[in-house]
1. Go over the candidates ILE296, ILE285 one by one and state the one that is out of contact with any Ser or Thr (no Cβ under 8 Å at 6 or more places or on another chain) and within 16 Å of the ligand (Cβ to nearest atom).
2. Any residue at all in region 255-273 that is within 16 Å of the ligand (Cβ to nearest atom), basic (Lys, Arg) and modelled with pLDDT of 95 or more?
3. Just wondering, is there one or more residues in region 126-141 that are in a strand (DSSP E or B), over 23 Å from ALA57 (Cα atoms) and either among the hydroxyl-bearing types (Ser, Thr, Tyr) or in the same structural domain as ILE50 (by TED's automatic domain parsing) (or both)?
4. From the set of residues in region 47-67 that are of a type outside the set (D, E, K, R), under 19 Å from the mean Cα position of the chain (by Cα) and away from the ligand (no atom under 16 Å from the Cβ), which is surrounded by the most Cβ atoms within 10 Å (Cβ to Cβ)?
5. Whether any residue in region 160-170 is under 18 Å from the mean Cα position of the chain (by Cα), more than 16 Å from the ligand (Cβ to nearest atom), touching a residue at least 24 places away in the same chain (Cβ under 8 Å) and surrounded by 19 or more Cβ atoms within 10 Å (Cβ to Cβ) is what I want to check.
6. Just one of (1) in the same structural domain as ALA114 (by TED's automatic domain parsing); (2) surrounded by fewer than 22 Cβ atoms within 10 Å (Cβ to Cβ) trips up VAL92, so point out which.
7. Under the condition of being surrounded by fewer than 19 Cβ atoms within 10 Å (Cβ to Cβ) and closer than 26 Å to HIS182 by Cβ, which residue from region 12-39 is farthest from the ligand (Cβ to nearest atom)?
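The values are calculated or read from the model by the stated rules, or taken from the named source; none is laboratory data. Keep in mind that this is a model prediction, so the values were computed, not measured. Here Cβ is always computed from backbone atoms with ideal geometry, including for glycine, and neighbour counts include all displayed protein chains.
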Amino acid sequence: MTAVITPTTGAKYAKIMAVGSYRPERIVTNAEICEHIDSSDEWIRERSGIIERRYAAPDESVVDMGTAAAALALSRSGVAPSEIGMILTANVTHPYPTPAAAAEIAYRIGAINAGALDIAAACAGFCYGVGIANDLICGGTAKYVIVIGVEKLSDWVNPSDRGSAFIFADGAGAVVIGPSDHPAIGPTIWGSDGAQKDAITMTQSLIDYRNNGGEMFPALAMQGQQVFRWAVSEMPKVAMRALAAAGVELTDLAAFIPHQANMRITDALAKALKLPANLPIARDIAYTGNTSAASIPLAMDRMLTAGEIPSGGAALLIGFGAGLAYAAQVVLLP
Ligand code: COA
């Protein structure tokens with residue numbers, strides 16, 4: 001006798017129900033960064049748009065920040081913790097290869113029925129998570145999913161590296177995604193280019209660190225010009241594909257929320273996409289720095305809370321970074 005397996009059946013559509021974020025308390029000025037590198041406040045502002053950034057406290061972890069953002073998004077959504085079917089934690093800075101940060105976050109917020117998984121897609125991780133959450137809900141494997149973007153990059157940056165020390169920072173953002181009676185998350189356009197893996201990488205592996213006698217703790221290393229050229233030449237095409245796949249025109253958008261890599265990259269993307277002049281564009285990097293996987297939900301929460309963008313409006317999201325990995329989609333704002 002052949003077994004008859006009951007298939008999963010999901011919701012017709014999914015939507016972002018709520019967003020939450022967490023910004024660590026400590027403000028790190030450009031002057032403080034310049035204590036370790038030969039640079040200036042003026043140069044950093046002009047080349048990156050960063051005025052200040054936040055660093056987590058020494059005893060404040062990826063799990064602590066991710067929990068804070070997830071708990072806020074969860075309380076705003078009105079969904080019970082026990083109804084969450086999956087926690088996806090996009091990050092590259094949880095300092096333990098195992099267990100995943102997601103498992104501890106699930107435990108701390110009381111998501112007792114949730115699967116728990118970390119996504120290592122660097123600055124593209126949040127948009128990867130939104131795409132996966134949409135498909136988990138529409139596929140029927142989960143009813144509600146929390147997607148968290150969280151990083152403590154200050155642990156993995158060499159403060160003496162002139163090419164990267166001023167860019168990266170710490171923080172967390174999260175969304176609750178659940179079933180919807182109308183389409184609210186467009187198709188995700190994603191990909192990667194492993195041929196450029198060295199454009200953003202680590203100076204060495206943890207194994208090499210151990211084997212070479214503990215010299216030079218692994219730190220982020222970035223080929224700034226290569227990343228800049230790739231983002232500005234390739235990401236507009238990815239963004240246009242996400243718009244076309246969603247059937248949304250530029251003039252239908254209520255917000256453009258790109259990964260906060262660098263203000264000059266955001267400006268170049270806006271120009272290449274020929275965005276309408278009055279379209280709100282995320283510029284959270286000025287006071288938050290580049291928080292990798294956390295930057296898009298952090299910016300989304302700030303813009304919604306400030307009343308700069310409307311709940312229910314269409315936003316184009318695009319994440320891109322180490323891999324080189326990228327993902328983009330159009331969503332309706334919570
Ligand atoms: N402060 C002051 N001067 C600096 C500096 C710093 N931190 N870093 C480099 N410079 C100087 C160099 O010495 C060089 O001087 P020179 O012309 O007299 O030789 C000049 O600035 C240009 O150096 P370069 O390394 O070519 O800088 P750049 O113009 O490419 O700017 C970045 C560096 C990092 C700002 C730029 O490449 C960038 O924005 N890249 C994208 C990075 C990014 O977004 N990463 C996140 C991806 S998720």
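1. Details: ILE285 fails: out of contact with any Ser or Thr (no Cβ under 8 Å at 6 or more places or on another chain).
One residue alone meets the criteria, ILE296.
2. Here is the first cut: in region 255-273, the ones within 16 Å of the ligand (Cβ to nearest atom) are 257-272.
From what's left, basic (Lys, Arg): 264, 271.
Cutting the leftovers down to modelled with pLDDT of 95 or more gives us 264, 271.
Yes, the conditions are met somewhere in region 255-273.
3. Going residue by residue through region 126-141, those that are in a strand (DSSP E or B) are none.
No, region 126-141 has no match at all.
4. Step one: of region 47-67, the residues of a type outside the set (D, E, K, R) are 48-51, 55-58, 61-63, 65-67.
So of that shortlist, the ones also under 19 Å from the mean Cα position of the chain (by Cα) come out as 48-50, 55-56, 61-63, 65-67.
Applying the additional criterion that residues be away from the ligand (no atom under 16 Å from the Cβ) yields 55-56, 61-63, 65-67.
Values: TYR55: 22, ALA56: 26, SER61: 20, VAL62: 27, VAL63: 23, MET65: 29, GLY66: 34, THR67: 23.
Selected residue: GLY66.
5. no
6. Answer for VAL92: the failing condition is (2).
7. Going through region 12-39, the residues surrounded by fewer than 19 Cβ atoms within 10 Å (Cβ to Cβ) turn out to be 12-13, 25-29, 31-32, 34-39.
With the extra rule that they be closer than 26 Å to HIS182 by Cβ, the set shrinks to 12-13.
Numbers: LYS12: 35, TYR13: 31 Å.
Per the criteria, the residue is LYS12.
To keep it simple, each residue is scored yes or no on (1) modelled with pLDDT of 95 or more; (2) within 20 Å of the chain's Cα centre (by Cα); (3) more than 16 Å from the ligand (Cβ to nearest atom).
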| position | (1), (2), (3) |
| --- | --- |
| ILE185 | yes, yes, yes |
| SER192 | yes, yes, no |
| ASP198 | yes, no, no |
| LEU206 | no, no, yes |
| MET216 | no, no, yes |
| GLN223 | yes, no, no |
| VAL232 | yes, yes, no |
